[in-house]
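Inspection log for the structure reproduced underneath, given as structure tokens.
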Amino acid sequence: MSSVQDSKVPTLSSVGFIGAGKMATAIMDGLVAKSVVSTPESIACSDVFEMAVTDASKKGYHATKSNQEVCQRSKDAIILAVKPNIIPDICADVMNAGGSALIISVAAGVTLETLEKNLPGRRVVRVMPNTACLVGEAASGYAMGSLCNADDNQIVQLIFGSCGLAREFKEVLLNAVTGVSGSGPAYVFQFIEALADGGVRAGLPREDAVLLAAQTLKGAAEMVLVTGMHPGQLKDMVCSPGGTTITGVDELEKGGLRTTVMQAVKAATRRSMQLGGITEEEITTKYNL
């Protein structure tokens, strides 16, 4: 990997993907679009499905059905973008291929302990991206393994920063990341749908209502990110005394919007912990959920 001193945008010499589905493809496309790799040929990927291999090849990626070939071609990092149940088999392929590339898993629920057990001596990272990766606007949380170093952190930032935002967390907090940003798009989609339904009820055509609702959430989110102001402060700026907005907000409060959303995050976080093997006693007593 080139250093920051070498150029304004550090680049990776070669990156591999085991699994070439939608999310992996979105990350690959981001690496090329943001010039994190010099050319599409710098990316190697494998998949068991012929169509995925063909589609990746059309984009200029080195696509194959051989996991070991991907490992042998990838010097900086290898992303494991496969179903959790086949991680042990994939790790065996990685170990058989040798090499020293950083191993990054986006397999849901697969812990660093499991990765390090199946990849002894290798540097591993666990990442929780979300579906907005498909449009280059992901919110990803990640946890570094015990053997990782500062350069590895930079590699993760380069890769996942190419398709959105990436923040490091202690691994146990990835369960809360799942509750907020992993599952969050579904909550937001429901809110957009409900906001659009309200527009239709008030007389707007469906297509216009959905467009207005989606753009409204996009614009509001951008205001939070750009201004750095507290969401509550931004909300107060829109709510004129006795006006239309505060009247609508009053109805949201009556319906328990805040409490319902908080409970949804809590429930998703608990479920993530359960899937990760954390006992009910620990969830209740240690994590107060």
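The values are calculated or read from the model by the stated rules, or taken from the named source; none is laboratory data. All values reported here derive from a predicted model rather than from experimental measurement. With ideal geometry, Cβ positions are generated from the backbone for all residues, glycine too; neighbour counts draw on all protein chains shown. With ligands, DNA and RNA removed, areas are computed over all heavy atoms of the protein, side chains included. Shrake-Rupley method; radii C 1.70, N 1.55, O 1.52, S 1.80 Å.
Going by accessible surface with a 1.4 Å probe and the largest first, GLU281, GLU50 read GLU281, GLU50. When the Gaussian network model of the chain links Cα atoms closer than 10 Å, the mean-square fluctuations of LYS254, LYS83, LYS22 top out at LYS254. Quick check on the range 6-58: take the gyration tensor over C-alpha atoms, sort the square-rooted eigenvalues as a ≥ b ≥ c, and tell me if it's rounded (a/c under 1.5), prolate or oblate. Verdict is prolate for the range 6-58. Pull out a ≥ b ≥ c, the square roots of the eigenvalues of the alpha-carbon gyration tensor of the range 46-142, then state rounded if a/c is under 1.5, prolate if not and a/b is larger than b/c, and oblate in the remaining case. Cα axes put the range 46-142 in the oblate bin. Extension gain, ALA33-ASP250: 0.36 nm per intervening residue step, less the Cα-Cα distance, totals 73.7 nm. Taking a point 7 Å from the Cα of GLU168 along the Cα-to-Cβ direction, the residues of the range 86-120 with backbone N closer than 20 Å to it are 101-107, 111-116. Per-residue ellipticity at 222 nm, computed for the chain from helices alone with -39500 (n - 2.57) per DSSP H run of at least four residues, works out to -15000 deg cm²/dmol. By a 1.4 Å probe calculation restricted to protein chains, TYR61 has an accessible surface near 20 Å², given to the nearest 10.
Working note: Karplus 6.51/-1.76/1.60 with θ = phi - 60° gives the range 206-214 the couplings 4, 4, 5, 5, 5, 4, 5, 5, 5 Hz, where Gly and Pro are set to x.
In terms of its C-alpha gyration tensor, the chain has a prolate overall shape, because the principal axis ratio a/c (a ≥ b ≥ c, square roots of the eigenvalues) is not below 1.5 and a/b outweighs b/c. In this simple spin-label approximation, GLN72 and HIS230 carry label points 7 Å from Cα along the Cα→Cβ vector, and these lie 5.9 nm apart. Taking springs between alpha-carbon atoms closer than 10 angstrom, which of ASP151, ASP208, ASP93 fluctuates most in the Gaussian network model of the chain? Greatest mean-square fluctuation among the candidates belongs to ASP208. The C-alpha atoms of the chain define a longest principal axis, and helix 22-33 lies at about 80 degrees to it.
Projected label points at PHE189 and VAL238, each 7 Å from Cα along the beta carbon direction, are separated by 2.2 nanometres.
Rounded to the nearest percent, how much of the accessible area of the chain (1.4 Å probe, protein heavy atoms only) is carbon and sulfur? Of all accessible area on the chain, carbon and sulfur atoms account for 58 percent.
The residues THR269, THR216, THR39, sorted by heavy-atom accessible surface at 1.4 Å with ligands and nucleic acids left out, run THR216, THR39, THR269 from largest to smallest.
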